[in-house]
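Notes to accompany the following structure.
The values are calculated or read from the model by the stated rules, or taken from the named source; none is laboratory data. Quick caveat: nothing in here was measured; it's all calculated off a predicted structure. Every residue, glycine among them, receives a Cβ derived from its backbone with ideal geometry; neighbour counts consider all protein chains shown. Calculation scope for accessible area: heavy atoms of the full protein, side chains included, ligands and nucleic acids excluded. Shrake-Rupley method; radii C 1.70, N 1.55, O 1.52, S 1.80 Å.
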Amino acid sequence: MTIDEIIDFMLDLDGVLAIRPGPDDGSPEISWGDAFFSYSPDAVAPATAQPFATIVTKNYPGDERSRLDRPDTFRVNIAAGKEAFIDRTGHAPRVPAADDDPGLTDAVMAHPVYGSAGWLAVVNPGRRTDAATCELLLGAYHLARSRHERRTG
């Protein structure tokens, strides 16, 4: 899967807002080239909710273990929730992963920084993880939509 294919998949979901920071929008330079997905049926960036998925294209400070500084490397980050996290990893979010290599490509694993919050990550989704990545993104979308509906009545 490419970044554009993932973005297209996400934009096909009702109410998804995709933010792609760039040089002309006032966003921090480190975020340029990344993508952030929120549930927002009014197409306004939520002030009180985090994105439910992101695509990052580079290392961030304190988050270098995925080695996103390699050519053509990106990571999909998914707020999967506890059930999906356990289903994919075999352990609860707060239990540290044994020997995961966060730089391994085409593998679903605990996010190297936010795994304890139920986030999963996939570096360069490919043949082995295309379907799982889409399934997890869809699940995270439904969780975000449900949270939004509870908050707004």
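Tabulated data for the structure shown
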{"quantity": "Of all DSSP beta bridges in the chain, antiparallel share, percent nearest 5", "calculated": "95 percent"}
{"quantity": "Gain on full stretching of the segment that runs from Arg150 to Glu5 - 0.36 nm per residue minus C-alpha separation", "calculated": "49.2 nm"}
{"quantity": "Distance between region 119-137 and region 1-56 - C-alpha centres, whole angstrom", "calculated": "17 Å"}
{"quantity": "Percent of C-alpha pairs per 5 Å bin, region 1-85, short to long", "calculated": "3, 13, 21, 25, 23, 11, 4, 0"}
{"quantity": "Accessible-area composition of the chain, carbon plus sulfur, in percent [1.4 Å probe]", "calculated": "52 percent"}
{"quantity": "Cα gyration tensor of the chain - equivalent ellipsoid semi-axes, whole Å, descending", "calculated": "23, 20, 14"}
{"quantity": "Listed residue (Thr89, Val44, Thr129) projecting farthest to the positive dipole end of the chain, Cβ model", "calculated": "Thr89"}
{"quantity": "Whole-Å semi-axes of the ellipsoid equivalent to region 52-131 (Cα gyration tensor, √5λ, descending)", "calculated": "19, 14, 11"}
{"quantity": "Computed label-point distance, nm, for sites Asp106 and Asp72 using a 7 Å Cα→Cβ extension", "calculated": "1.2 nm"}
